[in-house]
Each structure stands twice: as structure tokens, then as C-alpha cells.
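The values are calculated or read from the model by the stated rules, or taken from the named source; none is laboratory data. Every value quoted in this text rests on a predicted model; they were computed, and no experiment measured them. Because the Cβ atoms are built from the backbone with ideal geometry, glycine has one as well, and the counts that use them run over all protein chains shown. What goes into the accessible areas is simple: the full protein's heavy atoms, side chains included, and nothing from ligands, DNA or RNA. Shrake-Rupley method; radii C 1.70, N 1.55, O 1.52, S 1.80 Å.
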Amino acid sequence: MRSRVVLREFGVRNVHTTDFPGNYSEYDDSWDKEKFEKNFRVDVIHMDEDTLEFDMVGIDAAIANAFRRILLAEVPTMAVEKVFVYNNTSIVQDEILAHRLGLIPIHADPRLFEYKSEEDECDEINTLQFQLKIKCSKNPQAAKESSDPSELYINHKVYSKHMEWVPLGSQADNLNANFRPVHDDILIAQLRPGQEINVLMHCVKGIGKDHAKFSPVATASYRLLPEITLLQPIEGEAAERLKKCFSPGVIDIQEIKERAACRGNCGFRVLRSHYIFSVESTGVLPPDVLVSEAIKVLMGKCQRFLEELKSIQKK
């Protein structure tokens with residue numbers, strides 16, 4: 001029971017972490033490095049271009065939650081920070097246009113760039129530059145009886161694919177990369193003949209803790225591994241009713257429809273140290289790279305903490 005959280009019909013028991021010295025008599029619960037290395041493991045369940053699901057076993061809730069928060073707010077990305085509006089005759093106000101541009105995820109590896117402070121000049125090391133220049137006009141080939149804007153007008157919809165990378169300095173030669181928006185079909189604005197947009201954008205390196213536009217994940221979450229235990233033999237109709245309580249192959253307490261079949265017959269628990277992580281990238285970086293970068297950030301935090309402890313001891 002030490003490693004389980006018990007789920008009851010009207011409450012949850014054993015929710016607090018108890019693995020610390022002295023909590024259980026005649027049981028050594030002090031942290032041990034070799035024991036941790038033996039029990040800790042990471043199992044990748046599923047991975048594709050944008051999503052990653054993996055099990056992290058043998059850690060405490062505080063570490064799991066710190067890992068999740070780092071993924072959300074402390075792994076750096078590149079995003080539009082400044083928008084220079086040279087001409088905007090669309091119905092979208094300048095500040096709204098700048099805000100929409102800032103939320104477009106940029107496909108650029110932030111590890112190639114340095115952080116930019118307010119005093120620094122924009123250069124090839126700390127800035128990516130994009131230009132959006134488009135004008136709407138009438139389509140001379142459109143049929144007279146047509147009422148479809150897609151046939152009547154040219155460039156009447158402004159998409160993220162119209163954003164063009166403008167290399168700074170020797171970026172085109174040294175970086176050997178094609179920086180672009182992650183998705184080409186993000187609608188930015190709609191125009192009518194005579195209206196145009198001409199803006200220049202500067203992308204900088206930042207973290208989600210400063211602004212949500214820098215967050216590299218659409219979602220990063222975890223759940224505890226569920227466990228079901230039959231408390232007594234179940235046969236016949238009761239067994240069929242119990243089977244219908246769960247999705248095939250998955251135990252999800254929220255999916256239970258008939259509580260009478262389960263009440264008194266089953267015990268529901270979750271493993272305290274088994275976390276099922278789900279990471280969905282915005283497309284800026286692959287999800288496995290985001291996880292490795294989050295681990296590096298967590299390691300850096302631990303190292304700084306140890307250095308602070310050493311400095312206190314010297315005093």
C-alpha cells in the first residue's frame with residue numbers, strides 16, 4: 001500500500017508521499033542512489049512527428065511535475081517579438097496583427113541562437129527576420145456571375161506561408177537551414193482589392209515563462225498508472241456487467257457507467273511512482289528533442305542548487 005494511491009467511491013486515500021526516513025518503523029526509507037538507479041526507467045510507448053508518450057517509473061511526484069512545468073515554460077524556442085508595420089490597410093488593426101503573428105510557431109532550432117537582451121543589436125546570432133508583403137487585387141479571369149471570393153480576388157487570404165525568411169548577415173551560408181512557419185495554412189487576415197499588408201518581423205529566443213508564444217508544446221501532461229484488483233470471484237452476469245465498465249484494454253475510472261457491478265467487487269488504485277507522460281509538440285522541435293532539452297534544464301537547476309549549497313557552507 002505504500003506505493004499505491006487508493007481510489008474509493010467517495011474519496012481518495014493514501015495520497016501523500018510517505019517514502020521518507022522514520023515514517024515506517026523497522027523500514028529504511030532513506031534515499032539511496034544505487035536503489036534509485038536500479039528502479040528508475042523510461043519506456044517509450046509511442047512516438048511520431050509531433051507526439052510522444054512514455055512511462056517514467058521510479059520518481060517522486062515533485063520531480064514529475066517539475067519535468068512537466070519545464071516542458072511548458074522553460075524550454076526555449078524562437079517566436080516573433082517585434083513587428084515593424086510599414087503598411088497595413090486591412091481591417092485588422094496593427095496591434096491585433098502583431099499579436100497574431102507572434103503566436104505563429106516558427107520552425108527554427110533555438111540551439112543555433114543566443115538570447116537577445118534589450119541593449120543588444122539585432123544580428124545573425126540572436127535574431128531571425130521574416131517579411132510579409134502581400135496585396136489583394138481583382139481577378140480579371142473571374143466569371144461575371146461568380147460570388148466566390150476565391151474566384152473574384154487574388155491574394156484575398158493571407159496565410160502563414162506568405163511569410164518569407166530574410167537572412168541576416170551570413171545566416172544563409174552558415175546555418176544551412178530553411179526557417180519557416182511550422183504550418184503553412186494559418187490564416188492571418190483577409191483582404192479586398194486595394195488592401196495590402198507590408199510588415200517586417202524579428203524573431204528572438206525566449207521561454208514560455210516570459211510569454212506563452214515561446215512554449216514549445218501544445219500540451220504536456222502525465223497521469224498515474226491505474227491498477228484494478230478483483231476482491232472476490234465474479235461470475236456470470238456480474239462479470240459481463242463489470243467488463244462493460246471499462247474501455248477495451250484501458251482502465252479509466254471516469255468511463256465506469258454501472259457502479260453497482262464494481263462496488264464491493266473491485267479495488268481501484270494507481271501506482272504512486274509510475275507516470276504516463278504525454279507530450280505534444282507545436283512542431284517547432286520534435287517531441288523527443290523537447291524531452292531531452294527539458295532534462296538538460298532540470299540538470300542545470302540541480303547543479304545551480306548544489307553550487308548555492310557549497311557557497312553557503314563556505315560562509
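Per-residue 3J(HN,Hα) values for segment 112-123, derived from phi via the Karplus relation 6.51 cos²θ - 1.76 cosθ + 1.60 with θ = phi - 60°, read 8, 10, 10, 5, 10, 8, 5, 7, 6, 7, 6, 8 Hz in sequence order (x marks Gly and Pro). Sorting 200-208, 48-56 by average packing, meaning the other beta carbons within 10 Å per residue, from highest down gives 200-208, 48-56. Taking a straight line from the alpha carbon of Lys157, these lysines sit under 22 Å away, with near neighbours fewer than eight places off in the same chain left out: Lys133, Lys135, Lys138, Lys144. Largest first, the residues Trp31, Trp165 sort by 1.4 Å accessible area into Trp31, Trp165. Across all Cα atoms of segment 21-82, the radius of gyration (one decimal) and Dmax (whole number) stand at 17.4, 62 Å.
Each of Glu124, Glu293, Glu119 has its accessible area taken with a 1.4 Å probe; listed largest first, they run Glu119, Glu124, Glu293. Among 297-309, 214-226, the peptide with the highest mean count of other Cβ atoms within 10 Å heads the list, and the full ranking is 214-226, 297-309.
Here the Karplus curve 6.51 cos²θ - 1.76 cosθ + 1.60, taken at θ = phi - 60°, turns the phi angles of segment 207-216 into couplings of 10, x, 5, 7, 7, 4, 5, 8, 5, x Hz, with x standing for Gly and Pro.
Partner lysines whose Cα lies under 29 Å from the Cα of Lys35, excluding those fewer than 8 positions away in the same chain, are identified as Lys296, Lys301, Lys310. The orientation-averaged projection of the convex hull spanning the C-alpha atoms of segment 37-157 amounts to 13.9 square nanometres.
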